[in-house]
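K.L.:
One structure, pasted below without further comment.
Derivation of every value follows stated rules applied to the coordinates shown; laboratory data play no part. Since this is a predicted model, take the numbers as computed values, not measurements. Heads up, the Cβs are rebuilt from the backbone with ideal geometry, glycines too, and the neighbour counts pull from every protein chain shown.
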């Protein structure tokens, strides 16, 4: 399948990136600012995913602008997966050389009866370890199986190791929301600059 990528310049003062990804199935444009305030703008045609992305942005203090057009007449699969891929590419670009960051992040987030844990490592090595059982297969019109596709696309292209565990929950909406809120919190911790690590790579290998 032909794919066109356009990766624009990252601002070296602020960790920002803009990426366009175009295929026969989807056309996606994403702008992010990792040092933002959680401002968002979404136009994807998948409202529940937008609600979840808003959790990452607000709790991660990441400005996020996503416009996507996909083959939603078939289903949401390609659009959700490709947003994950493109968002991962944006993170990889915006993170620059990763010098001085904490690198690791984790968060436990509750929502009423639901509780989830997310642990992330900006390791440069993609790995998804996803242990989530939803109480039902659909949240409104959204197929919960697509969350794994989103996270897999993100992990593969951001170059992160990501562990997602839902520890309890009886409401599928609550389960999903705790995961995405914890994702935002974990990212926020991991990408924060540690002044004691200024100019240093957070790895004994000297690179990530």
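K.L.:
Below 8 Å between Cα atoms, with a sequence gap of 6+, how large is the relative contact order for the chain in percent? Working shown, then result.
P.N.:
Values: 511 pairs, mean separation 49.9, N = 208.
Result for the chain is 24 percent.
K.L.:
Going by the alpha-carbon gyration tensor, a ≥ b ≥ c the square roots of its eigenvalues, is the chain rounded (a/c under 1.5) or, if a/c is not under 1.5, prolate (a/b greater than b/c) versus oblate? Each step should come with its number before you reach the end.
P.N.:
Values: a/c = 1.80, a/b = 1.18, b/c = 1.53.
Oblate, since a/c reaches 1.5 and b/c is not below a/b.
K.L.:
Compute the distance from the alpha-carbon center of the range 18-38 to that of the range 146-208, in whole Å.
P.N.:
The range 18-38 and the range 146-208 have Cα centres separated by 18 Å.
K.L.:
Right, here's the next one. If each residue's Cβ is checked for other Cβ atoms within 10 Å, how do 50, 113, 81 rank with the fewest at the top?
P.N.:
Values: 50 17, 113 12, 81 21.
By the 10 Å Cβ count, ascending: 113, 50, 81.
K.L.:
Next question, about the same structure. Counting only helical runs of four or more DSSP H residues, what would the 222 nm mean residue ellipticity of the chain come to if each run contributes -39,500 (n - 2.57) and the total is spread over all its residues?
P.N.:
Working: 4 runs with 66 residues, N = 208.
Taken over the chain, the calculation gives -10500 deg cm²/dmol.
K.L.:
Just for the chain, what percent of DSSP beta bridges are antiparallel, to the closest 5? Kindly include the intermediate steps, with their values, before the conclusion.
P.N.:
Details: 38 of 47 bridges.
Of those bridges, close to 80 percent are antiparallel.
K.L.:
Residue 25 to residue 96: FRET efficiency via 1/(1 + (r/R0)^6), r the Cβ-Cβ distance, R0 41 Å, to the nearest 0.05? Spell out each step's value before the answer.
P.N.:
Values: r = 30 Å, r/R0 = 0.73.
According to the calculation, E is roughly 0.85.
K.L.:
Could you tell me whether the range 137-206 comes out rounded, prolate or oblate from its Cα gyration tensor? Rule is a ≥ b ≥ c as square roots of the eigenvalues, rounded for a/c under 1.5, then prolate if a/b exceeds b/c, otherwise oblate. Write out the running numbers ahead of the final one.
P.N.:
Details: a/c = 3.39, a/b = 2.19, b/c = 1.55.
Here the range 137-206 falls in the prolate category.
K.L.:
When the chain is treated as a GNM, springs tying every alpha-carbon pair under 10 Å, which of 114, 186, 57 comes out with the largest mean-square fluctuation?
P.N.:
Taking springs between Cα atoms under 10 Å, the residue moving most is 114.
K.L.:
Grab the Cα-Cα distance for residue 69 and residue 207, subtract it from 0.36 nm times how many residues apart they are, and report the gain in nm with one decimal.
P.N.:
Values: separation 138, 0.36 × 138 = 49.68 nm, distance 3.63 nm.
Stretched out fully, the residue 69 to residue 207 stretch lengthens by 46.1 nm.
K.L.:
Here's something else I'd like to know. To the nearest 0.05, what FRET efficiency results for residue 163 and residue 77 with a Förster distance of 25 Å applied to their C-beta separation?
P.N.:
Numbers: r = 24 Å, r/R0 = 0.95.
For residue 163 and residue 77, the calculated efficiency is 0.55.
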